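Q: Dropping a structure here in structure tokens format, bear with me for questions.
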Amino acid sequence: MRGKDEKARIEAFGSPDDSKMPLATKRRRKNRGIPPPATFDIDTLPGSSNLTALEAAAVIRRTPGALEQWRRDPNHPLKWRYVDGRPLYRVDAVRDYLAKCEKTTRTPRPHNAHGDGRAARP
């Protein structure tokens, strides 16, 4: 049984098939994708400069959500600090992290290769 109150509420928010939803009712969602490449060169910045989480994510090509998870681990190699409640990354720390990643990167082996030089079985 529909009453006047329910009909007035539906009209206030618009019909469900209405393509334009009032901004007050639309839920804002975080962009969880990888941000576009940084528009600045990290090598030209002074080492004491600070980067926001989004800028740091753009430089290292990870999602801001990944950085958020890394901040939960106090032993993670990418160091940060909070300033006014917001995480900031020093340019030196980002450079050190990138250099450490380049040293540990291995060349990929084929899936059927053995470490001792044996050929894979058919």
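Laboratory data are not the source of any read-out in this text; all were calculated from the coordinates shown. For clarity, every value in this text was computed on a predicted model and none was experimentally measured. In this analysis, Cβ positions are derived from the backbone assuming ideal geometry, glycine residues included, and neighbour counts consider all displayed protein chains.
Q: For a quick check: with amide H placed at 1.01 Å from N, whose amide H comes under 5 Å from L51's, ignoring anything fewer than 5 positions away on the same chain?
A: Y89, R90, V91
Q: Count the net charge of all other residues whose Cβ sits under 14 Å from the Cβ of V91, scoring Lys and Arg as +1 and Asp and Glu as -1.
A: Spelling it out: positives minus negatives among the neighbours equals -1.
Q: Just to confirm a number: summing +1 for Lys and Arg and -1 for Asp and Glu over residues other than I34 whose beta-carbon lies under 10 angstrom from that of I34, what do you get?
A: In short, +3.
Q: Using the basic label-point model (7 angstrom from Cα toward the beta carbon), what is the T52 to Q69 distance in nanometres?
A: 2.3
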